[in-house]
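*Asks:* Quick one: this structure, given as structure tokens, is what I'll be asking you about.
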Amino acid sequence: MPIITVERKILKRNDEIAAENRRILKQHQVFCLNLLSSPGSGKTSLLEQTIARLKDSLNLAVIEGDVQTDNDARRIAKHNIPVVQIVTNGGCHLEAKLVQDALINFELPQLDILFIENVGNLVCPANYDLGEQKKIVIVSTTEGDDKPSKYPAMFRVAEVMIINKTDLL
């Protein structure tokens with residue numbers, strides 16, 4: 001019986017678009033952070049607090065990823081910074097092309113930091129480069145202490161980890 005070996009990287013096209021996104025962001029000197037977490041970890045609340053502290057000294061923008069609603073984008077918009085909503089209609093992660101399509105809605109030369117609030121999920125987003133400079137994983141104390149062992153890929157790709165909701169310990 002013949003065996004066919006496929007040696008083409010399945011996410012090759014995503015990675016090419018991510019590299020283009022990274023080039024565009026670098027060209028405009030925009031620092032891009034991809035925020036990753038499970039649902040309910042406090043990603044949006046932490047982002048709101050960060051925006052409140054930085055918006056007077058830096059030009060900020062947000063890409064909001066959500067499975068079904070624009071609830072988080074409406075919360076971010078109250079801070080009077082540019083925000084673009086991506087609704088994945090059930091998709092469990094953002095992809096580089098979705099981010100690329102969102103970038104045209106921003107005045108990139110005017111921005112310092114672009115936050116991507118990814119879809120709440122600790123599995124799929126770990127595999128998708130969006131063109132960001134850093135991936136940040138956020139976990140909350142209410143989720144338990146086993147997240148790194150249950151979702152090792154996420155914790156391998158993230159350069160920063162934030163432990164949130166420590167007041168609930």
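The values are calculated or read from the model by the stated rules, or taken from the named source; none is laboratory data. Computed from a prediction, not measured in an experiment: that's the story for all the values here. Here the Cβ is made from the backbone with ideal geometry for all residues, glycine too, and neighbour counts use every protein chain on show. The area values use the complete protein model at the heavy-atom level, side chains included, leaving out ligands, DNA and RNA. Shrake-Rupley method; radii C 1.70, N 1.55, O 1.52, S 1.80 Å.
*Asks:* Could we say that residue 112 is surrounded by fewer than 16 Cβ atoms within 10 Å (Cβ to Cβ) and closer than 26 Å to residue 54 by Cα here?
*Replies:* Criteria met by residue 112.
*Asks:* Please specify each residue of the range 100-116 satisfying the condition of being touching a strand residue (DSSP E or B) at 6+ places or on another chain (Cβ under 9 Å), under 24 Å from residue 12 (Cα atoms), in a helix (DSSP H, G or I) and not small (Gly, Ala, Ser).
*Replies:* Scanning the range 100-116 gives 101, 103.
*Asks:* Please go through the range 112-121 and give me each residue that is touching a helix residue (DSSP H, G or I) at 6+ places or on another chain (Cβ under 8 Å) and modelled with pLDDT under 95, ordered by number.
*Replies:* Within the range 112-121, 120 is the sole residue that qualifies.
*Asks:* Now for a separate question. Cβ-Cβ below 7 Å, separation at least six or inter-chain, first residue in the range 74-85 and within 13 Å of residue 117 (Cβ to Cβ) and free of Cβ contacts under 8 Å to residues at least 24 places away in the same chain, second open to solvent by 50 Å² or more (accessible area, probe 1.4 Å) and acidic (Asp, Glu): which pairs?
*Replies:* So the pair list comes out as 85/70.
*Asks:* Looking at the structure I just gave you, is residue 97 open to solvent by 10 Å² or more (accessible area, probe 1.4 Å), touching a helix residue (DSSP H, G or I) at 6+ places or on another chain (Cβ under 6 Å) and under 18 Å from residue 13 (Cα atoms)?
*Replies:* For residue 97, the condition - open to solvent by 10 Å² or more (accessible area, probe 1.4 Å), touching a helix residue (DSSP H, G or I) at 6+ places or on another chain (Cβ under 6 Å) and under 18 Å from residue 13 (Cα atoms) - is met.
*Asks:* How many of the residues making up the range 24-58 are basic (Lys, Arg) and touching a residue at least 40 places away in the same chain (Cβ under 8 Å)?
*Replies:* 1
*Asks:* Something else about it: For the range 49-83: of the residues being surrounded by fewer than 16 Cβ atoms within 10 Å (Cβ to Cβ) and of a type in the set (Asp, Glu), which is farthest from residue 130 (Cα to Cα)?
*Replies:* 56
*Asks:* Restricting to the range 7-41, and then to whatever is part of a loop (DSSP other than H, G, I, E, B) and within 19 Å of residue 126 (Cβ to Cβ), can you tell me which residue is most open to solvent (accessible area, probe 1.4 Å)?
*Replies:* Per the stated criteria, the residue is 10.
*Asks:* Right, here's the next one. Residue 126 passes all but one of (1) under 17 Å from residue 18 (Cβ atoms); (2) among the hydrophobic types (A, V, I, L, M, F, W, C); (3) in contact with a strand residue (DSSP E or B) (Cβ under 6 Å, 6 or more places away or on another chain); which number fails?
*Replies:* (3)
*Asks:* For residues that are part of a loop (DSSP other than H, G, I, E, B) and either modelled with pLDDT under 95 or of a type in the set (D, E, K, R) (or both), scanning just the range 124-169, find the one that is most open to solvent (accessible area, probe 1.4 Å).
*Replies:* 169
*Asks:* In addition: Scan the range 146-169 residue by residue and report those that are in contact with a strand residue (DSSP E or B) (Cβ under 9 Å, 6 or more places away or on another chain) and charged (D, E, K, R).
*Replies:* Listed by number, the residues that qualify are 147, 159, 165.
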